[in-house]
Amino acid sequence: MSVLKGEDGTHVILYGSTAYPARARSVPCYLARPDLAGSYAAVLVVPPAEGITSSLKDLCRRLARHGLAALVPDLYRGSGPGRRASAEEVAAAVGQLTDRRVLADLDGAADFLRRPGTEWADPHRLGVLGIGTGGRWAVLAAAGDPSLRAVVLAYAPLAGALDAVGELTVPLLGLYGKDDEEAIADVPEAHRRHPGSEWAMYDGVGSGFLDDAGDAYDPAAAKDAEGRLVAFFAARLAAPGVPAQAT
């Protein structure tokens with residue numbers, strides 16, 4: 001239980017590494033959630049190519065401080081490339097992750113958040129946040145799971161996921177840097193296929209602007225993007241009859 005220096009929000013939180021069951025396996029994950037009585041909206045976070053970094057844990061804690069439970073599956077099972085890996089090593093690690101395995105892990109995580117014994121997560125108020133390469137899997141998961149009621153993407157290349165974007169029946173928010181040519185290439189087509197989607201495009205910003213330990217970190221864009229995604233989830237995952245609010 002902690003309120004960490006520099007974190008906005010009002011909720012005292014509980015956070016740390018844990019695991020959840022997925023098809024007879026135990027999948028390690030990082031979880032941050034409000035540590036007060038209640039049933040909260042929950043966000044399934046699909047990590048970028050580097051896996052679960054300290055920066056991603058910080059982001060999850062900030063979401064929890066605003067009243068959103070955040071769970072990040074360790075898709076690499078503890079053998080992720082890490083920050084010191086070369087681009088080639090990171091690409092090779094991602095290449096070992098099959099759609100079948102990743103989607104099974106995400107399905108298991110959603111089941112964990114929905115199950116009756118998880119008193120702190122409201123099974124009817126689940127969303128998904130996909131960051132970088134995790135965005136494609138976030139879209140595929142949401143297209144196949146109607147319990148995921150809102151999708152946020154951060155600098156996620158959508159090649160191979162445009163058909164799934166068109167199948168989404170839930171709100172979609174995209175957060176992109178205009179200098180990230182690869183990721184934004186498919187944004188116009190994604191918006192055409194999902195006309196109700198929302199897109200925030202940041203000038204002079206590339207991929208990775210949320211990662212405060214990375215070279216591409218942009219404080220202004222990151223602050224605005226976090227505010228947008230918190231407000232988006234708060235509104236789209238609001239409990240019936242309860243006004244949406246982000247704290």
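The values are calculated or read from the model by the stated rules, or taken from the named source; none is laboratory data. This one's a predicted model, so the numbers in the text were calculated from it and none came from an experiment. Here the Cβ positions follow ideal geometry from the backbone for every residue, glycine too, while neighbour counts run over all protein chains shown. Quick note on the areas: whole protein, heavy atoms, side chains included, nothing else; ligands and nucleic acids left out. Shrake-Rupley method; radii C 1.70, N 1.55, O 1.52, S 1.80 Å.
Numbers for the structure displayed
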item: Percent antiparallel among DSSP beta bridges (both partners in the chain, rounded to 5); result: 40 percent
item: In sequence order, calculated HN-Hα J values of segment 80-87 (Karplus, 6.51, -1.76, 1.60; Hz; x Gly/Pro); result: x, x, x, 6, 7, 6, 6, 4
item: Cβ-based charge dipole, the chain, positive-most Cα from P123, V165, S86; result: P123
item: Solvent-accessible heavy-atom area per residue, rounded to whole Å², over the chain at 1.4 Å; result: 45 Å²
item: Equivalent ellipsoid dimensions for segment 38-109 as semi-axes, Å, which come from the Cα gyration tensor, largest first; result: 25, 16, 7
item: Read-out volume of the Cα convex hull per residue in Å³, derived from the coordinates shown; its label in (1) 149; (2) 326; (3) 121; result: (3)
item: Phi to ³J(HN,Hα) by Karplus 6.51 cos²θ - 1.76 cosθ + 1.60 over segment 156-164, Hz, x for Gly, Pro; result: 9, x, 10, 4, x, 10, 5, 4, 5
item: Surface share of carbon and sulfur [accessible, 1.4 angstrom probe, percent] for the chain; result: 52 percent
item: Segment R83-D215, extension gain: residue separation times 0.36 nm, minus the distance between their alpha carbons; result: 46.4 nm
